[in-house]
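Visitor: Pasting in a structure now, in structure tokens, and then I'll have a few things to ask.
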Amino acid sequence: MAKWTVDQNHSAIGFEVKHMMVSKVKGGFESYTADVEAADLTDLTTASIAFKIDVASIDTRNEDRDNHLKSADFFDVENNPTIAFKSTNITKDGDDYKVTGDLTIKDVTKPVTFDVEFGGKGTNPWGVEVYGFEAETKINREEFNLTWNAALETGGVLVGKDIKIKVELEVNPAA
């Protein structure tokens, strides 16, 4: 099994959630580590994938909202500084993949499945092979003890339950 490095300058971990039942708030995490091992990245079924995300690096382009998300109302960064994912099963689905693994947020670990699209393989200007992938899943945040909310006078709630997670990766062989 070869080790692969995630090129963080060409990768992103993001999310979106409904706001006030009418629009979406998008954000991401600026700091994370990834361990990817695979015999061949053109066949992702040979891979083992693990991520650790630094929750304090959350960025929604609003400092007050970011601070609230870091607080005990949401992620409780002081007691739960990381979000973790570790693959447990990877299957081919046509030209794409289903990557199932254990996702840990706060004190809860649950299985989730990402739909993964292989973006292709290329060689960068320095002669290094690069591979691209896009992955997406949806979770119910309340199942991970992210339950804070506020009722709206007009009905509904301030923050939706469903969180769409999108991961865009560019990887290359580890040096």
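The numbers here are math on the coordinates, done by the rules we state, and not lab data. Computed from a predicted model, the values in this text were never measured in an experiment. For neighbour counting, all protein chains shown are included, and Cβ atoms are generated from backbone atoms with ideal geometry for every residue, glycine included.
Visitor: Work out how far the C-alpha atoms of segment 1-64 reach from end to end along every principal axis, then list the three figures in whole Å, largest first.
Guide: 46, 22, 17
Visitor: Could you list which residues have their amide H under 5 Å from that of Asp76, counting only those 5 or more apart in sequence or on another chain, with H placed in the peptide plane?
Guide: Close amide H contacts, sequence-distant or interchain: Ser71.
Visitor: Name the most mobile residue of Ala135, Ala38, Ala84, meaning the one with the largest mean-square fluctuation, in a Gaussian network model of the chain with Cα contacts below 10 Å.
Guide: Looking only at Ala135, Ala38, Ala84, the biggest GNM fluctuation is shown by Ala38.
Visitor: Most mobile of Ser23, Ser57, Ser11 per a Gaussian network model of the chain (Cα springs, under 10 Å)?
Guide: Ser23
Visitor: Once R0 is set to 25 Å, what does the formula 1/(1 + (r/R0)^6) return for the Cβ-Cβ distance between Thr33 and Asn140, expressed as a FRET efficiency to the nearest 0.05? Mind showing how you got there, number by number?
Guide: Values: r = 26 Å, r/R0 = 1.04.
The calculated FRET efficiency here is 0.45.
Visitor: Here's a follow-up. Which aspartates and glutamates, if any, have their Cα less than 13 Å from the Cα of Lys24, not counting same-chain residues under 8 positions apart?
Guide: Output for Lys24: Glu16, Asp162.
Visitor: So, one more: Could you calculate the contour length gain from Asp162 to Asp93, that is, 0.36 nm times the residue separation minus the distance between their Cα atoms, to one decimal place in nm?
Guide: Values: separation 69, 0.36 × 69 = 24.84 nm, distance 2.41 nm.
Difference between extended and current length: 22.4 nm.
Visitor: Using 7 Å Cα-to-Cβ label points, what is the Ser11/Ala50 separation (nm, one decimal)?
Guide: 1.4 nm
Visitor: What is the extension gain from Asp102 to Glu153, computed as 0.36 nm multiplied by their sequence separation minus the C-alpha to C-alpha distance, in nm to one decimal? Don't jump to the answer; show the numbers that get you there.
Guide: Values: separation 51, 0.36 × 51 = 18.36 nm, distance 3.73 nm.
In short, 14.6 nm is gained.
Visitor: Just to check I understand the Karplus step: with θ = phi - 60° and J = 6.51 cos²θ - 1.76 cosθ + 1.60, what whole-Hz values come out for segment 24-29, glycine and proline as x?
Guide: 10, 9, 10, x, x, 10
Visitor: Please compute the net charge surrounding Trp148, taking Lys and Arg as +1 and Asp and Glu as -1 over other residues with Cβ under 13 Å from its Cβ.
Guide: Working: positive: Arg65, Lys70, Lys106, Arg141, Lys161; negative: Asp73, Asp76, Glu142.
Once positives and negatives cancel, what remains is +2.
Visitor: At 222 nm, what helix-only mean residue ellipticity would the chain give, in deg cm²/dmol to the nearest 500, using -39500 (n - 2.57) for each DSSP H run of four or more? Walk me through the numbers on the way to the answer.
Guide: Numbers: 1 runs with 8 residues, N = 175.
-1000 deg cm²/dmol, from helical runs alone.
Visitor: So if R0 is 45 Å, what FRET efficiency would Asp76 and Thr42 give, r being the distance between their Cβ atoms, rounded to the nearest 0.05? Before the final figure, lay out each step's value.
Guide: Values: r = 40 Å, r/R0 = 0.89.
The computed FRET efficiency comes out at 0.65.
Visitor: What distance in nm lies between label points placed 7 Å from Cα along the C-beta direction at Met21 and Lys110?
Guide: 2.2 nm
Visitor: Which pairs, out of Lys106/Lys166; Lys70/Lys164; Lys70/Lys92; Lys121/Lys166, put more than 29 Å between their alpha-carbon atoms?
Guide: Details: Lys106/Lys166 19 Å; Lys70/Lys164 19 Å; Lys70/Lys92 36 Å; Lys121/Lys166 20 Å.
Checking Cα-Cα distances, Lys70/Lys92 exceed 29 Å.
Visitor: Can you tally the net charge around Thr104? Count Lys and Arg as +1, Asp and Glu as -1, for every other residue whose Cβ sits under 10 Å from the Cβ of Thr104. Write down the numbers at each step before the final one.
Guide: Numbers: positive: Lys52, Lys86, Lys106, Lys110; negative: Asp102, Asp107.
Charge balance near Thr104 sits at +2.
Visitor: Can I ask one more? Lys and Arg at +1, Asp and Glu at -1: add these up for the other residues within a Cβ distance under 13 Å of Lys52 and post the number.
Guide: -2
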